[in-house]
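Novice: Got a structure for you, written out below as C-alpha cells; questions coming shortly.
The values are calculated or read from the model by the stated rules, or taken from the named source; none is laboratory data. Computed from a prediction, not measured in an experiment: that's the story for all the values here. FYI the Cβ positions are ideal-geometry reconstructions off the backbone, even for glycines, and counts take in every protein chain you see. All accessible areas refer to the heavy atoms of the entire protein, side chains included, with ligands and DNA or RNA removed. Shrake-Rupley method; radii C 1.70, N 1.55, O 1.52, S 1.80 Å.
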Amino acid sequence: MASENVKLLGFWVSPFSFRVEWALKLKGVEYEYIEEDIFNKSHLLLELNPVHKNVPVLIHGQKVILESFVILEYIDETWKQCPLLPQDPYQRAIVRFWTKFAEEKLLGNAWMAMCSEGDEKERALKASIEAIEKIEAELKGKTQFFGGESIGYLDLALGWISYWLPVWEEVGSMKIVDQIQFPNTTACMNNFLKHPVIKDKLPPRDKMIVYFEKRSKEIASLIAATRKG
Ligand SMILES: N[C@@H](CCC(=O)N[C@@H](CS)C(=O)NCC(=O)O)C(=O)O
C-alpha cells in the first residue's frame, strides 16, 4: 500500500507498541517506526502525548492517536482490509469484554508477580492464574486463535500472553500458563506465534530477559522503599 504518512512512536520491548505494529502489518499499511527512549523521553513524545507521556503514539498525517486499543480501533476503521474487529455488534462486544478483562485482571497481576516476592507475589500469581482459568473456559472449542478462526483484534490484544508472559515467567521463576492445565490457551498462544506477520515482528527474547531482569529488580526496590517509607 502506498505510503500514507503513518508514523509510530514505540519502544522496542513494549507489548503495547507491538499491538499497533502487528495491526499495521496485518493491514499492509506502510509506516515509519520511531524508537522512543521511555527513560529519557523526547520532546516529540511529550508534545504529542502530554497526558500520559507514554507509547505507542500513532501519527497519521496531522492526526495523533493515543492508547493502544484506541489506536487499534482507529487503524481498523481507517484501513478496512483484513478487518480486526467482528462485523456483528454482539461479537464486537464480546471481543471488547475479553480485551478489557485481560488488560485489567492479567497484565498488571502477571507483571506484579514477576516484580514482587513473598505474599505479594503469591497474591499476584493466584490472581493471574484465575484470570487464565477464565480465558481458558471462554476459549473452549475455539483453539485456533483467541478471536476464533482467523487472527483478529483479540489476538493482538492478548498477543503479549504468547511471548511476553513466558519471559516474565522465566524472570519471575513462576508458572502461570501450564500447558496441561490450559491446553486451549496454549494452542492459541502457539498459533499466534506461528502466524507469518507475528513471527517476523517480535523483539529478541534474550534481550528481553536481560531487560526484564533489570526492570523487575528496579520495581522490587521501589516497592520495598515505598513500604519502608
Ligand atoms: N495503556 C497504555 C499503556 C502504554 C504504556 O504503558 N507504555 C509504556 C511502554 S511499555 C510507556 O510508555 N511507559 C512510559 C511511562 O509510562 O512513563 C496503552 O495501552 O497504550
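Novice: Describe numerically, in nm with one decimal, the distance between label points set 7 Å from Cα along Cα→Cβ at Gln81 and at Gln181.
Specialist: Taking the two extended label points, one gets 4.3 nm.
Novice: Now, a different point. Could you give the nm distance between label points at Ala127 and His52, where each point is 7 Å from its Cα heading toward the beta carbon?
Specialist: Label at Ala127, label at His52, 1.9 nm between them.
Novice: Something else about it: Scattering from the C-alpha atoms of segment 68-227 alone, worked out with Debye: what is log10 I(q)/I(0) at q = 0.13, 0.18, 0.19 1/Å?
Specialist: Reported log10 I(q)/I(0), two decimals: -0.65, -1.16, -1.25.
Novice: Mind grabbing the accessible area of Trp79 for me, 1.4 Å probe, Å², rounded to tens?
Specialist: My reading of the accessible area for Trp79 is about 10 Å².
Novice: Continuing with the same structure: At each listed q (0.20, 0.25 Å⁻¹), what is the log10 of I(q)/I(0) that the Debye formula gives for segment 6-78 modelled as equal alpha-carbon point scatterers?
Specialist: Reported log10 I(q)/I(0), two decimals: -0.75, -1.20.
Novice: Also: Filter Lys41/Lys121; Lys121/Lys199; Lys126/Lys217 down to the pairs with a C-alpha to C-alpha distance above 23 Å, please. Before the final figure, lay out each step's value.
Specialist: Values: Lys41/Lys121 30 Å; Lys121/Lys199 31 Å; Lys126/Lys217 21 Å.
The answer is Lys41/Lys121; Lys121/Lys199.
Novice: Starting from the amide H of Ile34, placed 1.01 Å from N in the peptide plane, find each other amide H under 5 Å away whose residue is 5 or more places distant or on another chain.
Specialist: HN-HN under 5 Å from Ile34: Leu8, Leu9, Gly10.
Novice: So what's the net charge close to Phe101: Lys and Arg +1, Asp and Glu -1, counting the other residues with Cβ under 10 Å from its Cβ? Provide the component values of the computation, followed by the final result.
Specialist: Values: positive: Arg96, Lys100, Lys105, Lys134; negative: Glu103, Glu104, Glu138.
For residues surrounding Phe101, the net value is +1.
Novice: Based on Cβ point charges of +1 for Lys and Arg and -1 for Asp and Glu, what charge dipole magnitude is obtained for the chain about its Cα centre, in debye rounded to the nearest 20?
Specialist: Roughly 140 debye for the chain.
Novice: Which of the peptides 209-221, 38-50, 21-33 is most tightly packed, and how do the rest follow, judged by the mean count of other Cβ atoms within 10 Å per residue?
Specialist: Peptide ranking by packing, descending: 21-33, 209-221, 38-50.
Novice: What ³J(HN,Hα) values, in whole Hz, does the Karplus curve 6.51 cos²θ - 1.76 cosθ + 1.60 give for segment 16-28 when θ = phi - 60°, with x put for Gly and Pro?
Specialist: Whole-Hz 3J(HN,Hα) from phi for segment 16-28: 5, 5, 5, 3, 5, 4, 4, 4, 4, 5, 4, 7, x.
Novice: Where only protein heavy atoms count, and the probe is 1.4 Å, what is the accessible area per residue for the chain in Å²? It would help to have the intermediate numbers written out before the result.
Specialist: Details: 11720 Å² over 229 residues.
Ligands and nucleic acids excluded, the result is 51 Å² per residue.
Novice: Same structure again: Divide by every residue of the chain the summed helix terms, -39500 (n - 2.57) for each DSSP H run of at least 4, and state the resulting mean residue ellipticity at 222 nm, rounded to the nearest 500 deg cm²/dmol. It would help to have the intermediate numbers written out before the result.
Specialist: Details: 10 runs with 132 residues, N = 229.
About -18500 deg cm²/dmol.
Novice: Please tell me which of these pairs span more than 24 angstrom C-alpha to C-alpha: Lys105/Lys194; Lys25/Lys214; Lys100/Lys207; Lys27/Lys105; Lys175/Lys207? Display every interim value, and only then the final one.
Specialist: Details: Lys105/Lys194 26 Å; Lys25/Lys214 30 Å; Lys100/Lys207 29 Å; Lys27/Lys105 29 Å; Lys175/Lys207 21 Å.
In this structure, Lys105/Lys194; Lys25/Lys214; Lys100/Lys207; Lys27/Lys105 exceed 24 Å between Cα atoms.
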